[in-house]
Amino acid sequence: MAAVIQTEKLTKSYGVHRGIVDVDLEVQEGEIFGFLGPNGAGKTTTIRTLLDLIRPTSGVGRVFGIVSSDDPVAIHRRIGYIPGEFTLYDRLTGGQTIEYFANLRRGVDKAYQRALIERFDIDPKRRFKELSKGNKQKIGLVIALQHQPELLILDEPTSGLDPLVQQSFFELVREAKAEGRTTFLSSHILSEVEKTCDRVAIIREGRLVKLDSVEGLRDLAHHQVELRFTGPVPTAEFEALPGVSEVVAMDHVLRMRVNGPITPVVRAAARYELLDFVSREPTLEETFLAQYGHSPDASEVTA
Amino acid sequence: MTAGTEPARLAVAGRPSLWSRIYGLGSVYGKTIRDSRRAFALATGLIVLLFVTGGAAIAGAFGTVATRAQAASLAEILPPIFQGLLGRPVGLSTLGGFIEWRYVVLFFILIPIWSILALSSTIAGEAARGSLELIATSGVARRRIALEKLAAHLTAVGLAMVIFAIAIWVTGQAFATLPGDEIAPEAAVGYAALTAIMILLPGAIAFAAAPFVGRGAAAGLAALVMLASYFVNGFRDSIPVFDALAPLSYFSWTFDHVPLAGLYDWGSLVLPTALVVAFLVVGVLGFERRDMASTIHVPSPHLPRFLVGLRDPLGRSFGERIPAALAWGLGLSLYVLLLASGASAMSELFERLPTIEAMLRAVYPNADLESVGGMLQIVFVEFGLVVFGFTAATIVGGWASDESSGRLEVILSNPMTRMAWLIRSGLGVYLAILLSAAVVAVATAIGTASQGSDVATPTLGSFVLALYGIALAGIGIAAAGLVRASIAAPVVIVVTVGTFLITLFAVPLKLPEWFADLALTSHYGSPLLGDWDLVGVVASIVLGVGGLLVGAWGLSRRDVRV
């Protein structure tokens, strides 16, 4: 598969302020790529650099093999984009706004456009300024999707959307993938990213800290383990095991976090009579939070 | 007890300092004062600059008893339609009286815009942004929020007027050339007090209306009341219906209070002051009792579909600017029609007074004082160019909001280069300016035709406004492209005001010729008489075209900013 997006040591600084530093990533054709990071981590800066809205301080970003600052129009012709925050024309209706952006693309498939409007339950006759945040976001999504682009670049696309519309949106993204199109999205709805994305990158303070498949990211992380004993809890024995941390004992229950192989814990547990043994892989959200030192309390583990 | 005393101790420890509550982030009042510091400096600086340079100019140009008497006699015999544009012609033999007569529009129409903008947006603007909800839920009562914001503006205006009063007194001391030119402290205070009321009354109307109709409509309403009051009072002797309406104009209430001319009528200030207080109370109560940010929907007409501009950035840019272009054009058109209707009377006056005619011919050697076009060239073009500077600023400001609001980011994700977007949308700006000028041209045609004068020449000549507007817009677009979009409108305003000040004061202050030549407006010739100066025409076209090219080049090289 060809790389649709490729960055090499992509760096952008705003004077003394950090933007992004040495970001290297590749997004393959046909995949859904999640780009995660807290506010201010550099997600939007990366996206805006790829679109040539801002220029890199050093390094290079390529989309469809084209250096983003060399021929941005050739890139824009093949992408659909929604920014994290945007405003459009207050005096135009939602329908007129969608029409204007369709015209900028020299026309779109009207039937598909109508289908999107219906799917997102948009009232095209209301003026943009009268719409709620979520409904404005829906207009933005139609603008990004209506020309069925090869690559969708979506910065927080689900911001302000209710759960039902979020679901519709992720269905559309999965449909795009089924048609061989590529999606690069940043989102804070990690459960959906986990379900939808093939690969995920985590950016922290401007630097890429993880890039792997969702499964791969989980494997690298920890397990939450809960043991229910029939007798007293041997806390000290488990605390001494390699990779074990955050050990919490409560009545006959022992909860712990296990980094790396779980075998030592299984072997130690085998020497005791147990009522239950629960081991759960972390969710993407837990992995994400672990990257930022906000791991959930071990006591929160559930079967 | 420990649990009860600890929070109290912490509360005292975290209390903001007195200074930050007066100027800073320690209170709503302090933050409002802090936020308004630039507007305060601009308004105070402008009013002081206008008064001091105006005083210097008058002292220079009318420094002898003879010239002062000549000007006074002209003022008294001007046709009512032109007297309406000026102040009350009393005490013109003194410097103070002359300034008050000559610059009434600047002090009572231009400076109050500060108060209108500030008081229409201090609460409603923040409510529209949503930040007011956070303040209102942070333990500060709504009434207190409104009162603190109001107190901050009143403090700013009060301080500005103290500085203004001192500047008035200093001007009288510094530029007195004839006996009686010195301005007494009482006169300075009296004029500053009158100015304060004239600033605050339209502002208070905006403040009262804002909780009900929102920021924009409130500002528009206040501006409308201010201009209507001014014109109704000023043209009461020319238009019978205005004479009947004049008692409603607040400009008429203080008719006998002309402090710089030595006339005092302190009692006349009571009614407008009471109205200011009443409107401010309405504004406070309106904010306190109404749903926050819930305004009455003021219906606005939809543009016909073909004008909305959905095909490309040129049409979109033009369509988006049409309402502003029409509003400015129609406002100026009314003024043109008023002036045109008095042009014949003015011509007759000059026939009766050859001395005055000779004086005017010295300034306007090619003036045709018998035609409406000739009259408009003298009494309208300079003012019209200033207004068109503000028209250009409004239109360019709207255009620049594409980038500052984040719209441009979505637009540029379409297959279009930055250069192409800037040039096409910039042409849309120019078309909007042309539309505004075309509306004025229609009014000029109607005005001249109604007086039986030549129609074609002044109508064509009125497009000088478009040339100047496009030149200024080009400067604004270039600045936006090179630096950032948000500076476009301020740059246009600075160039407009700077050009106006040069034309106003360069000759009386005997400034060097090269400096006076910096004003583009002095290079257009007499276009309403068909006498075009090619230098101004070419310079305007160069600035318009060059502005687009420089702006496009600049935008293509820098980051798009939000």
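The values are calculated or read from the model by the stated rules, or taken from the named source; none is laboratory data. The model shown is predicted, which means the values in this text are computed figures rather than measured ones. Neighbour counts run over all protein chains shown; Cβ positions are idealised from the backbone, glycine included.
When the residues of region B:551-562 are filtered to those that are surrounded by 20 or more Cβ atoms within 10 Å (Cβ to Cβ) and among the aliphatic types (A, V, I, L, M), which remaining residue is nearest to A:LEU51 (Cα to Cα)?
Top of the filtered list is B:VAL560.
Suppose we keep only residues that are in a loop (DSSP other than H, G, I, E, B) and among the β-branched types (Val, Ile, Thr) within region A:22-78. Which one would you say is nearest to the other protein chains (Cβ to nearest Cβ)?
Checking each candidate, the answer is A:ILE54.
Which fully enclosed helices (runs of 4 or more DSSP H) of region B:405-487 have 3 or more residues being within 14 Å of chain A (Cβ to nearest Cβ)?
In region B:405-487, the matching helices (runs of 4 or more DSSP H) lie at B:407-412, B:418-450.
Do we have B:VAL308 as among the hydrophobic types (A, V, I, L, M, F, W, C) and within 13 Å of another protein chain (Cβ to nearest Cβ) here?
Yes, satisfied.
Go through region A:42-55 and count every residue that is surrounded by fewer than 20 Cβ atoms within 10 Å (Cβ to Cβ) and within 16 Å of the chain's Cα centre (by Cα).
0
What number of residues in region B:142-154 are free of Cβ contacts under 8 Å to residues at least 60 places away in the same chain and exposed (fewer than 14 other Cβ atoms within 10 Å of the Cβ)?
Number of matching residues: 0.
Which members of region A:97-110 meet the condition of being surrounded by fewer than 19 Cβ atoms within 10 Å (Cβ to Cβ) and within 9 Å of chain B (Cβ to nearest Cβ)?
A:ASN103, A:ARG105, A:ARG106
Looking at (1) modelled with pLDDT of 90 or more; (2) out of contact with any Lys or Arg (no Cβ under 8 Å at 6 or more places or on another chain), which is the one condition that is false for B:MET359?
If we test B:MET359 against (1) modelled with pLDDT of 90 or more; (2) out of contact with any Lys or Arg (no Cβ under 8 Å at 6 or more places or on another chain), just (1) comes out false.
Sort out which residues of region A:79-90 are over 26 Å from A:GLY37 (Cα atoms) and within 7 Å of chain B (Cβ to nearest Cβ), and write them in order of number.
Result: A:LEU88, A:TYR89.
In region B:292-322, which residues are within 30 Å of B:ALA228 (Cβ to Cβ), free of Cβ contacts under 8 Å to residues at least 12 places away in the same chain and not small (Gly, Ala, Ser)?
If the condition is that a residue be within 30 Å of B:ALA228 (Cβ to Cβ), free of Cβ contacts under 8 Å to residues at least 12 places away in the same chain and not small (Gly, Ala, Ser), then B:HIS297, B:PRO299, B:PRO301, B:HIS302, B:PRO304 are the ones that fit.
Checking B:GLY283 against (1) exposed (fewer than 15 other Cβ atoms within 10 Å of the Cβ); (2) at pLDDT 90 or above; (3) closer than 30 Å to B:ARG143 by Cα; (4) small (Gly, Ala, Ser), only one condition comes out false. Which one?
Here B:GLY283 meets the rest and fails (1).
(1) among the aliphatic types (A, V, I, L, M); (2) modelled with pLDDT under 95; (3) over 20 Å from A:PRO149 (Cβ atoms); (4) surrounded by fewer than 17 Cβ atoms within 10 Å (Cβ to Cβ): which one isn't true of A:VAL60, the others all being true?
Failed condition: (2).
Consider B:LEU307 against the criteria (1) in a helix (DSSP H, G or I); (2) more than 23 Å from B:VAL440 (Cα to Cα); (3) aliphatic (A, V, I, L, M): it satisfies all of them except one. Which criterion is unmet?
(2)
Checking B:SER540 against (1) at pLDDT 95 or above; (2) within 14 Å of chain A (Cβ to nearest Cβ), which test does it fail?
Failed condition: (2).
Could you list, in sequence order, the residues of region B:513-562 that are without any contact (Cβ under 8 Å) to a residue 60 or more places away in the chain, assigned to a helix (DSSP H, G or I) and within 30 Å of B:VAL372 (Cβ to Cβ)?
Selection gives B:ALA516, B:LEU520, B:SER522, B:HIS523, B:LEU534, B:VAL535, B:VAL538.
Starting from residues that are surrounded by fewer than 21 Cβ atoms within 10 Å (Cβ to Cβ) and among the β-branched types (Val, Ile, Thr), keep the ones in region A:12-41 and report whichever is nearest to the chain's Cα centre (by Cα).
Among them, the one singled out is A:VAL21.
Give region A:171-195 a look and list any residue that's under 24 Å from A:GLY40 (Cα atoms) and part of a helix (DSSP H, G or I), or say none.
A:LEU190, A:SER191, A:GLU192, A:VAL193, A:GLU194
So for region B:338-347 (the condition being surrounded by 15 or more Cβ atoms within 10 Å (Cβ to Cβ), more than 14 Å from every other protein chain (Cβ to nearest Cβ) and either among the β-branched types (Val, Ile, Thr) or closer than 25 Å to B:ALA219 by Cβ (or both)), does at least one residue qualify?
yes
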